[in-house]
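Step one of this worksheet: look at the structure below.
The values are calculated or read from the model by the stated rules, or taken from the named source; none is laboratory data. Bear in mind the structure is a predicted one, so any value in this text is a computation, not a measurement. All Cβ positions, glycine included, derive from the backbone under ideal geometry; neighbour counts span all protein chains shown.
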Amino acid sequence: MNDVAASHRVKATVVAFINATNAFDIERALALFSKTAVIDDPSTGCTFNEHAGVRDYLEKYFVGYHTVTRLLSLEGLGDARARARVDFTGDFGHEIGILLVAMDSAGRISRIDASLE
């Protein structure tokens, strides 16, 4: 796969993730992740490992806080990574964040490093 096609695939996955979480569809969002995925989000004080951890993160911080995410910008970072700048709103208020998303060779999200601006 060439870099352009790979970058498009990563970007499409990030958009699919945002769409699934905005619909509060945990199963659809979880299907985008590898079984061994990691979400590192220092704002929560935790790292979330594997499907069980990813599910916990999505349920607590997206469904639990009624989080709606708006994509502000999306930059491909090579064949398997992207940087998304996002606007989060929910019961917590409003935050701008960065999601560094990495994918595995099967096209699943293997890691998200989240941070707030």
For segment 45-58, indicate whether the set of residues that are of a type in the set (Gly, Ala, Ser) and within 15 Å of residue 98 (Cβ to Cβ) is non-empty.
no
Quick check: is even one residue across segment 89-111 surrounded by 15 or more Cβ atoms within 10 Å (Cβ to Cβ), among the hydrophobic types (A, V, I, L, M, F, W, C) and part of a loop (DSSP other than H, G, I, E, B)?
no
Scan segment 17-25 and give yes if some residue there is in contact with a strand residue (DSSP E or B) (Cβ under 8 Å, 6 or more places away or on another chain), among the charged types (D, E, K, R) and not in a strand (DSSP E or B), otherwise no.
no
Yes/no for residue 53 being modelled with pLDDT under 95 and either under 13 Å from the mean Cα position of the chain (by Cα) or surrounded by 15 or more Cβ atoms within 10 Å (Cβ to Cβ) (or both)
no
Residue in segment 39-46 that is in contact (Cβ under 8 Å) with a residue 12 or more places away in the chain and within 23 Å of residue 8 (Cα to Cα) present
yes
Is there any pair with a first residue in segment 1-20 that is modelled with pLDDT under 55 and a second that is surrounded by fewer than 18 Cβ atoms within 10 Å (Cβ to Cβ) and assigned to a helix (DSSP H, G or I) whose Cβ atoms are under 8 Å apart and which are 6 or more apart or on different chains, and what are they?
1/9
Subset of segment 56-82 that is of a type in the set (Asp, Glu) and modelled with pLDDT of 95 or more - its residue that is surrounded by the fewest Cβ atoms within 10 Å (Cβ to Cβ)
59
